[in-house]
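Just so it is clear, none of the values below were taken in a lab; they were calculated from the coordinates. The structure displayed is predicted, hence computed values, not measured ones. Reconstructed Cβ throughout: ideal geometry from the backbone, glycine too, with neighbour counts over all protein chains shown.
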Amino acid sequence: MGTLLARHADVLVTMDDERREIKDGAIFARDGIVEQVGPTSELPETADVVIELSGQVVLPGLVNTHHHLDQTLTRNLPQAQNINLFPWLVAHYEIWAQRTPAATRCSTLVGLAELAASGCTTVFDHSYVFQSGCKVDDQIAAAAEIGVRFGACRGSMSLGKSKGGLPPDSCVEDEEAILIDSERVINQFHDPSRGSMLTVTLGPCSPFSVTPELMTGSAELARKHQGVGLHTHLCETFDEEKFTLEMYKMRPVTYMDSVGWLGHDVWYAHAIHVNDVEIAQFAQTGTGVAHCPSSNMRLASGIAPVKKYRDAGVRVGIGVDGSASNDCNHMLGEVRLAMLLARLKMGLLPPEGPQSVLSTSDPLRADEWMTAREALEIATRGGASVLGRDDIGHLAPGMCADFFSIDLNTVDYAGGLVDPVAATLFCAPQKAKYTVINGRVIVDNGVVVTVDMGPVVREHNAFALAHAG
């Protein structure tokens, strides 16, 4: 891959252990790995590829810890615009089951292009409907085309409606076949090495769409292999809590514990409706959380206790979630919403004593606020930790050369540049000017350059309209 020099950034946000923010900053990378980070004057003057970053702020690549790329085909469906999770899923299941491998390719490329253009360099995708000839291989191939660092999840559903689950029987798979294909995917694609562009995770979809046996079997299979994680949706709505109480006589977290699904190799999407004891369980076991603010608001699911998680030592990252419960794939926009939603959560807390958090001017309460830098840290270092990776999430020698830049000389930032780092979230979310992944330029001057997206968008729209019902 050769060498790359990105130089003269107005501010380079490293998110390294010292949280350095370097003026006139630069990055020098070789073969996809950072060799030097510092002031431009201290780095080499030439490289095979040179990117001029004057007038821009540079940040480590954002890490998306939960997505459903195939759902980009079904964003903004009229029949699913104004309903919550369970009816929303019922409105989508059979449409998702009809998608073809060709439609999956388009949907994945569209989602990844939008993510890369919003500063996202690592994407974890949770696909769990495999009908009509579709395989997780389809998403993996598309991710390789566009050049995004990819976490592929061989998801699954096995508990159909006739057996007490939520999805139609036509949308579920045989459990033995699921486990056989899961092992195939691990053996064929999973790369646990440092700097890997492709990892595999196993992801039975949810407590209401798989059996305890599949949860247990998936955990046993994953733990036979180095670096294969476990992921599922949990504690997203009160409907799910009601389901596990009725079906298993346990709250969702207790149920997960009973099937071996707490640990450093596990993270949950959403994790909204948890109590203090369960938060402590997550912290004690190393279990992580993918916070999905847009989806949680879109489906009226609730507000995850992100500050409580952080204070307890729980690993937390940001998830954009599927483009049918978010309807966009803008990672930087999601980080902004995470910051704002945490602040809204503050305002909903009952007063502690005579005054609430928001009615006091006591400077000792400043740490209650979700700051822009904390939200960015959750989206970078936090996401890397959730995915079990120590080679992404910040910029330092030995780390993967994943970063993006934003042009500060726009009307959107006018007047806000006294703190350009915070402006990336307080001001309107912008598209990246450059996105570099593994030392390779994926977005150049705001345009994805690895795939010609025009024909892909046209084909994608045709598939989406044909499946809209």
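Observations on the model:
- Packing, taken as the mean count of other beta carbons within 10 Å per residue, orders the peptides 164-177, 289-302 from highest to lowest as 289-302, 164-177.
- The lysine pair count for the chain, using Cα distances under 18 Å and pairs eight or more places apart or on different chains, is 5.
- Taking one quarter of the surface of the convex hull spanned by the alpha-carbon atoms of segment 233-346 gives a direction-averaged projected area of 6.9 nm².
- For the chain, the Kirkwood estimate of hydrodynamic radius, built from reciprocal distances between every pair of different alpha carbons, is 22.4 Å.
- The length gained by stretching the chain between ASP367 and ASP311 to full extension, at 0.36 nm per residue less their Cα-Cα distance, is 19.1 nm.
- The string of couplings for segment 326-336 from the Karplus curve (6.51, -1.76, 1.60, θ = phi - 60°) is 10, 6, 8, 10, 9, 5, 5, x, 5, 5, 4 Hz, one whole number per residue in order, with x for Gly and Pro.
- The packing ranking, built from the mean of other Cβ atoms within 10 Å per residue, places the peptides 133-146, 266-279 in the order 266-279, 133-146, highest first.
- Extension gain, ASP239 to VAL421: 0.36 nm times the residue separation minus the Cα-Cα distance gives 61.6 nm.
- Computed over segment 409-451, Cα set: Rg, Dmax in Å: 12.6, 37
- If you look at the Cα atoms of segment 379-469, you get an Rg and a Dmax of 17.2, 51 Å.
- Rg/Rh (Cα only; Kirkwood hydrodynamic radius) as it applies to segment 1-154: 1.11
- Distance (nanometres) between label positions extended 7 Å along Cα→Cβ at ASP191 and GLU18: 3.2 nm
- Under the simplified labelling scheme, the ASN82-SER132 pair shows an inter-label distance of 2.8 nm, with each label point 7 Å from Cα along Cα→Cβ.
- Compactness ratio for segment 224-295: Cα radius of gyration over 2.2 N^0.38 Å (N = residue count) comes to 1.08.
- The label point for GLU183 and the one for ARG458, both projected 7 Å from the Cα toward the Cβ, are 4.6 nm apart.
- Taking packing as the residue-averaged number of other Cβ atoms within 10 angstrom, the listed peptides 405-412, 1-8 run from highest to lowest as 1-8, 405-412.
- Convex hull of alpha carbon positions in segment 11-79: directionally averaged projected area 8.0 nm².
- Between segment 1-52 and segment 175-202, the C-alpha centres lie 33 angstrom from each other.
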